[in-house]
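Following: one structure in structure tokens, then a few remarks.
The values are calculated or read from the model by the stated rules, or taken from the named source; none is laboratory data. Since we're looking at a predicted model, the values are computed, not measured. Neighbour counts run over all protein chains shown; Cβ positions are idealised from the backbone, glycine included.
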Amino acid sequence: MKKQVLMAVLPLMVWGCGDPTDADNDGVADGIRDPNNVSVVVPSTPKGTVSGQVLSTTLQPIADVTVAMTIGSQPTGKSATTDASGNFVMTDVPAGAQVLLTFSKTGFSTLRATSTVPSSAGTVPINNGNASFGPVTLTQLNSTLTVNVVTPAGRPAVGAKGVLEVDKAGSVILSNYDQAASVVSKVYVEATADSNGVLTFSGVPAGVELARLNGTYNLWIAPMDSNGDGVVDTGGYTKSYSGASIVSTSVTTLAQLAYSKPSNVALTIEGGNVSSLKGTTELDPLRNMVRPGEPIYVYFNQPVQPGSIFVRLTDEYAKESLPVTASVNVGGYSATITPANGIVQEGKEYNIFVRAVSAEGGSNYSRTGFFFGGDQAAPKAITIAELRYQEQDRPPAVAAFQLNTGETVYVSFSAPIAKQVGQSVQVLLGADIDGVGGTGGNSFGEIGNNSGQGFTLDMAEPTKPIQTRTPAELPVFGIQPSGYSTRYSFIYSGNALVGTDRMRVQVVFSNLAPVLGTNDVYESIWGQPINADLELAGIIQQPPPALP
């Protein structure tokens, strides 16, 4: 008998002295029993619960709160209603599911929060894992916030549109063992300012409730058309107020709208077809070219007062004003300047003066510019339009059509041209300058001379009208140099020449070598290089200025 007992106990002692293994780490030693896996001894689809409590910000229970639950991506969810103690519970929720709960009740803020239903304890699947929400606090929507909106000019902003965001209007108080992935509780209220410019936001939490949640009121007011001309002329407005700063209902705050452009920004022209009005860096002639018959357009960085725009227009010499009209459009943001019919001609340069006053702060804009008549797509060939010399002697000493040494000869071209950095073009005359008979040979300045040397032609861009009397005429306004001009000049230094009204004059562009980095030494307003010789016969005599 003793022998049989001993043999029965021995296998147990052998196992007990061994070292069992748990290769799959499921908490059960492998090979002890079959099955040796906990996944087959617990439910394959464990369920859990979602519960919580809803309170006011003073921690009083709120009954009859609807709690709607969305379970993962399932099309249908669950719902519950809080009892007199503010409690709710929903059962039979798939363990491991991500759930979204929405807490809502008329007269209270809405809160949304997410969490995950527990599905295991360590590596062991469990039933009845609980996702706890709460306590959840909701604010009452029984208060009003008013905002007095004022235009930049200090008048009621009638019709201003505002939105008030209350953030946060609720909270989830979590214990040490619970967590929520996200909590959102915001209230949005829209309002339109009345005849006194007052925005009234009704149905928002009171300041004392929001202060307990450390929440804020965020206000946005949209840009608006304050003068009713169809153009937005004020900027928007945004500001945040803490709940602690507004601790009672019916608090009126002031919202002063700004101008659509800051009032401390100077009025200027931002665009248009005459770029020189923008500043000295916009001098490219192709950006300052106006087709004959086309208006001049300017666009301001802020609206201007309609009656404040003043425009004057002159030709290249600025001797007299040319007829022009100006009108303000698009609520003051642009102006159309229209020269009288036939004033702007192709290949001519014009000076323009524009003055305006900002409607949003009173800053003044005053600037001169220039433009050229022409079409960018249709360049024209350059010719000599006129030759004229300035007579220095007064009657009776002056001889008809006699060019004397030291007198200035002006060469006017058919369109403005520019001289690049480099050598100057030479001018030759069809006359016996040295008095030895005939032209050419080695005679300086004569057409056909062997050296090709003549009188240096330099730019004589006008800054004022041609002087015809003493004192000299003044320009209509101080004009801005463009770097292009129809007028060039040279100083005659030979013997006196008679009969200049029939004299042949040649401007020798063909002798110029291109300057490194440029196309040519001279170019037209269309950007075309000038490298062909130009001629004209007959120099007009410009009488000396008349005495006063």
Exercise for the section: Run TYR188 past the list (1) under 27 Å from the mean Cα position of the chain (by Cα); (2) modelled with pLDDT of 90 or more and report the number of the one that doesn't hold. Expected result: (1)
Completion exercise
Selection over the stretch 407-448 where residues are assigned to a loop (DSSP other than H, G, I, E, B), of a type in the set (Ser, Thr, Tyr) and closer than 30 Å to MET289 by Cα yields a count of 1
Practice task
Scan (1) farther than 18 Å from ASN214 by Cβ; (2) buried (at least 19 other Cβ atoms within 10 Å of the Cβ); (3) β-branched (Val, Ile, Thr); (4) in contact with a Leu (Cβ under 9 Å, 6 or more places away or on another chain) for the single condition VAL136 breaks and write down its number.
Solution key: (1)
Problem - Qualifying position, being among the β-branched types (Val, Ile, Thr), modelled with pLDDT under 85 and within 19 Å of ASN511 (Cα to Cα), among VAL421, VAL425 - result: VAL421
Practice task
Go through the stretch 347-371 and give me each residue that's free of Cβ contacts under 8 Å to residues at least 60 places away in the same chain and either within 21 Å of ASP233 (Cβ to Cβ) or charged (D, E, K, R) (or both).
Solution key: ARG355, GLY362
Fill in the blank from the handout: The correct count of residues that are polar (S, T, N, Q) and over 47 Å from the mean Cα position of the chain (by Cα) in the stretch 446-496 is 10
Completion exercise
Given the conditions (1) at pLDDT 95 or above; (2) of a type in the set (A, V, I, L, M); (3) buried (at least 20 other Cβ atoms within 10 Å of the Cβ); (4) not in a loop (DSSP other than H, G, I, E, B), every one holds for ALA335 apart from (1)
Completion exercise
Over the stretch 67-122, the set of residues of a type in the set (Ser, Thr, Tyr) and within 52 Å of the chain's Cα centre (by Cα) is THR70, SER73, THR76, SER79, THR102, SER104, THR106, SER109, THR110, THR114, SER115, THR116
Completion exercise
The correct count of residues that are surrounded by fewer than 18 Cβ atoms within 10 Å (Cβ to Cβ), touching a Phe, Trp or Tyr at 6+ places or on another chain (Cβ under 9 Å) and not in a strand (DSSP E or B) in the stretch 449-460 is 3
Completion exercise
For the stretch 88-112 the number of residues that are in a strand (DSSP E or B) and under 29 Å from SER143 (Cα atoms) is 9
Handout entry: Sole exception among (1) under 23 Å from the mean Cα position of the chain (by Cα); (2) of a type in the set (A, V, I, L, M, F, W, C); (3) not assigned by TED's automatic domain parsing to the domain that holds ASN329 for LEU277, by number
Key = (3)
Practice task
Would you please list the contacts, defined by Cβ atoms under 8 Å and residues six or more apart or on different chains, that run from a residue in the stretch 383-405 that is under 22 Å from GLN506 (Cα atoms) and at pLDDT 85 or above to a residue that is in a loop (DSSP other than H, G, I, E, B) and of a type in the set (Val, Ile, Thr)?
Solution key: LEU387/ILE539; ARG388/ILE539; TYR389/ILE539; LEU403/ILE539
Completion exercise
Restricted to the stretch 314-332 and to residues being buried (at least 16 other Cβ atoms within 10 Å of the Cβ) and in contact (Cβ under 8 Å) with a residue 40 or more places away in the chain, the residue farthest from the chain's Cα centre (by Cα) is LYS319
Exercise for the section: May I ask you to list the residues in the stretch 319-332 that are among the small types (Gly, Ala, Ser), out of contact with any Leu (no Cβ under 9 Å at 6 or more places or on another chain) and outside any helix (DSSP H, G or I)? Expected result: ALA326, SER327
Problem - Qualifying positions in the stretch 461-490 - among the hydrophobic types (A, V, I, L, M, F, W, C) and either at pLDDT below 90 or surrounded by 13 or more Cβ atoms within 10 Å (Cβ to Cβ) (or both) - result: ILE466, ALA472, VAL476, PHE477, ILE479, PHE490
Exercise for the section: Could you please find all residues in the stretch 246-292 being modelled with pLDDT under 85 and among the polar types (S, T, N, Q)? Expected result: SER248, THR249, SER250, THR252, THR253, SER260, SER263, ASN264, THR280, THR281
Fill in the blank from the handout: Checked SER132, SER115, SER85 against criteria (at pLDDT 95 or above and either in a loop (DSSP other than H, G, I, E, B) or not aromatic (Phe, Trp, Tyr) (or both)); the one match is SER85
Completion exercise
Exactly one of SER175, SER242, SER182 is modelled with pLDDT under 95, among the small types (Gly, Ala, Ser), surrounded by fewer than 14 Cβ atoms within 10 Å (Cβ to Cβ) and more than 20 Å from LEU59 (Cα to Cα), and that one is SER182
Exercise for the section: Name, by its number, the condition in (1) over 60 Å from the mean Cα position of the chain (by Cα); (2) at pLDDT below 85 that does not hold for SER443. Expected result: (2)
Exercise for the section: Find the residue count for the stretch 437-448, including only residues that are surrounded by fewer than 19 Cβ atoms within 10 Å (Cβ to Cβ), under 15 Å from GLN506 (Cα atoms) and in contact with an Asp or Glu (Cβ under 8 Å, 6 or more places away or on another chain). Expected result: 2
